[in-house]
Amino acid sequence: MSPVAEKDRAVVQLLLDAGTCPRCVLRFCSVGSQLLYRHPLQDLLKDLQEFLKNSQEKEGTVCLDVADPPCKRLRLEHREEDADELNHNGAIPQLPSAGNAGNTGNTGNPALSGNTALESSAGRVCNVCLGILQEFCEPDFVKKVCQKVNSADYQFTSFVFSVSLPPQLSVRERAAWLGVKQQMRNLGLPLAKDDIVQLKEAYKWIIHPQLAEELGVPADGKSLFEVSVVFAHPETDEECHFLATACPDCFKPAKNKQSVFTRMAVIKALERIKEEDFLKHFPCPPSSPKNLCDALEIQCNNGAVFVAGRYNKYSRNLPQTPWIIDGERKLESSVEELISEHLMAEFKADSFNFSSSGREDVDVRTLGNGRPFAMELVNPRRIRFSAEEMKRLQQAINDSSDKIQVRDLQLVTREAIGRMKEGEEEKTKTYSALIWTDKAIQREDIAFLDDIKELRLEQKTPLRVLHRRPLAVRCRLIHSMRSEYIDQHHFRLHLRTQAGTY
């Protein structure tokens, strides 16, 4: 049974003539069966050949008797077409033998080898997908991806697969679609661009079951473990440059981008350019390239893990975060570094982001239940820890220094981090200050402090933090105070204040 409908015969003929691989032919014929795309290229090409052969026999347009060679007129036409193709593209290359899509088993059939549509796509790099649905669907490439994943030593129970395509591939897709659209229009049949199966979707249909079998875990769109492949095709890099003339507003320099011709910029330009302008600059369907795509990178990445707890700080010579001004480190360590050293080693992460509910000065101790903190561990190799393992990790941090202690160390969600930060400004903080007075005092001299409630302060940004915070006046409240007389020159003042009071 043919995978395509009879109405698509002209499209199949057009695309195979142009050097399109069988899987891309299925895409442009709007074939949505995932299983069909997983069939070997040789089988798909054979099915399409049989489809064209049967259609031609029904119409009686060409002799396909295997006992007789093709007529002279057909041979001449094919030679002229091949000559035109060579003039346009140079020599027609062969795919590497390991993934040769042209090995259909029908090379000895004079009827098949005499038909342009039947032989033109069989050995070329696809003019639409640039080989992605050919060589890069083969088991050898899948094994290469899995070897990269396994050697990276990640913990994962599922995976999500992503692929980065060359931006010029979008131009070739548009060119192929315009060619198909014109063919369908000539036949009086409608074709919506949305009917075409997207390349990424078809590629994942083929790759997912192979990766899942090889890795031993299922593919899951919500998985935090991502396996990605980045493709490039240097031979056709400049094919999208004409869009910069037609749509200059779409291509603007951006930070951290080596080229303005990003995939999103190209897609945006293709949405704006008029069809007639596109046709002036690009052949439809596109011509066949000489070389396959390059798989530039095979990358693995685990979603971030979040660890939270509370810390106490007992040193008056320890900042919360590294104290570095103008490139010069002021103190050798910090709360952040004492905690992160152990978490980074255990989770085998690439980097981390430390946050807390407020902060304290370098010379201020943090007592009581401690200050809430959280740490985002970026791209961790290890992600599963039992409650007992977290307790051991907490103890290791506490044993490593007498300057800090942590408690309630646990794995949390990203949402929990947000809630910690949301309450930062609304929280009430309690402080205790030992005060010395030059003048001798009596108990009654400080009694008035106990009666002060909701004292409003307008505090400027201190000079010592101007390097990291803007100069501003911020209003804060001292909710209440309580004095504790010690002797004629000392008393202790207990304060309950709004968070952020200096």
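The values are calculated or read from the model by the stated rules, or taken from the named source; none is laboratory data. Here the structure is a predicted model, which is why all the values come from computation and not from measurement. Please note: Cβ atoms are built from the backbone with ideal geometry, for glycine as well, and neighbour counts cover all protein chains shown. The accessibility values were calculated without ligands, DNA or RNA, using every heavy atom of the protein model including side chains. Shrake-Rupley method; radii C 1.70, N 1.55, O 1.52, S 1.80 Å.
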Electrostatic dipole magnitude of segment 428-501 [Cβ: Lys, Arg +1; Asp, Glu -1; Cα centre; debye, to 20]: 660 debye
Please list, in order along segment 247-255, the HN-Hα scalar couplings obtained from phi with the Karplus expression 6.51 cos²θ - 1.76 cosθ + 1.60 (θ = phi - 60°), rounded to whole Hz, x for Gly and Pro. 9, x, 5, 7, 10, 10, x, 9, 5
Among trypsin sites (Lys or Arg not before Pro) in segment 436-495, those in a DSSP loop whose Cβ has at most 11 other Cβ atoms within 10 Å are K439, R468
HN-Hα J in Hz across segment 151-164 - Karplus 6.51, -1.76, 1.60, θ = phi - 60°, x for Gly and Pro: 6, 6, 6, 8, 8, 7, 10, 7, 8, 10, 9, 10, 9, 10
Which lysines, on any chain, are close to K421 with Cα under 23 Å apart, when same-chain ones fewer than 8 places away are left out? K313, K429, K460
Report in % the part of the accessible area of segment 303-423 that belongs to carbon and sulfur, leaving out ligands and nucleic acids; probe 1.4 Å. 45 percent
Over segment 428-501, with the other protein chains present, what is the accessible area per residue in square angstrom, probe 1.4 angstrom? 68 Å²
Through the Karplus equation 6.51 cos²θ - 1.76 cosθ + 1.60, θ set to phi - 60°, convert the phi angles of segment 331-346 into ³J(HN,Hα) values in whole Hz; use x for Gly and Pro. 10, 6, 9, 7, 4, 4, 6, 5, 7, 5, 3, 6, 5, 4, 5, 6
Quick check: with the 1.4 Å probe, what order do R365, R469 take by accessible area, largest first? R365, R469
What does segment 345-418 give for Rg and for Dmax, in Å, if only its C-alpha atoms count? 13.3, 37
Neighbours of E346 by Cβ distance under 9 Å: Lys/Arg at +1, Asp/Glu at -1, summed charge +1
Taking amide hydrogens as modeled 1.01 Å from N in the peptide plane, which residues meet the under 5 Å criterion relative to S162, leaving out close sequence neighbours? V227, S228, V229
Which percent of Cα-Cα pairs in segment 314-463 sits in each 5 Å bin, short to long? 1, 7, 13, 17, 17, 15, 10, 6, 6, 4, 2, 1, 0
Radius 9 Å from Cβ of I478, net charge of other residues (Lys, Arg +1; Asp, Glu -1): +3
So what is the orientation-averaged projected area of segment 428-501, using the convex hull of its C-alpha atoms, in nm²? 5.7 nm²
Accessible-area order (highest first, 1.4 angstrom probe) of the listed residues H39, H281, H342: H281, H39, H342
